[in-house]
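The values are calculated or read from the model by the stated rules, or taken from the named source; none is laboratory data. In this text the structure is predicted, and so the values were computed from the model without any measurement. So basically every Cβ, Gly included, is an ideal-geometry build from the backbone, and we count neighbours across all protein chains shown.
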Amino acid sequence: MADVKKVVLAYSGGLDTSVILKWLQDTYNCEVVTFTADLGQGEEVEPARAKAQAMGVKEIYIDDLREEFVRDFVYPMFRANTIYE
């Protein structure tokens, strides 16, 4: 396997993705770039940024995807009379 230099991680700031972030850094000695999708979780987004920074992440991307999420998933869910979990 070729040396991994950079990895993009879909990062929530929770326990599982924080453990994976550290594992990627330690196992592959690579740069980890985090991506967090703001789907309306409110106050959880900034702590995720702070955790990533504390773990040495240099590139942290947080995109506001609330409008797309509602348009592409929530509205169709309501039309289909389903439950999002």
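Among the residues making up segment 53-67, those that are surrounded by 13 or more Cβ atoms within 10 Å (Cβ to Cβ) and more than 17 Å from Val33 (Cα to Cα) are Leu65, Arg66.
Selection of segment 55-85 for residues being small (Gly, Ala, Ser) and within 19 Å of Thr17 (Cβ to Cβ) yields only Gly56. Of all residues in segment 33-52, those satisfying the criterion of being in contact with a strand residue (DSSP E or B) (Cβ under 7 Å, 6 or more places away or on another chain) and closer than 14 Å to Leu21 by Cα are Val33, Thr34, Phe35, Thr36, Ala48, Arg49, Ala52.
Looking only at segment 10-26, decide whether some residue is among the hydrophobic types (A, V, I, L, M, F, W, C), at pLDDT 95 or above and not in a helix (DSSP H, G or I). Yes - at least one qualifying residue is present in segment 10-26. Taking the condition under 13 Å from the mean Cα position of the chain (by Cα) and of a type in the set (Asp, Glu), does Asp3 pass? The answer is no for Asp3. Considering segment 23-40, the residues that are closer than 14 Å to Ala10 by Cβ and not hydroxyl-bearing (Ser, Thr, Tyr) include one that is farthest from the chain's Cα centre (by Cα), namely Leu24.
Looking across segment 20-56, the residues that are among the aliphatic types (A, V, I, L, M) and without any contact (Cβ under 8 Å) to a residue 40 or more places away in the chain come down to Ile20, Leu21, Leu24, Val32, Val33, Ala37, Leu39, Val45, Ala48, Ala50, Ala54, Met55.
No other residue among Asp72, Asp64, Asp38 is in contact with a helix residue (DSSP H, G or I) (Cβ under 8 Å, 6 or more places away or on another chain) and either modelled with pLDDT of 95 or more or acidic (Asp, Glu) (or both) apart from Asp38. Among the residues of segment 6-40, the one identified as surrounded by 14 or more Cβ atoms within 10 Å (Cβ to Cβ), touching an Asp or Glu at 6+ places or on another chain (Cβ under 6 Å) and under 16 Å from Gly56 (Cα atoms) is Val33.
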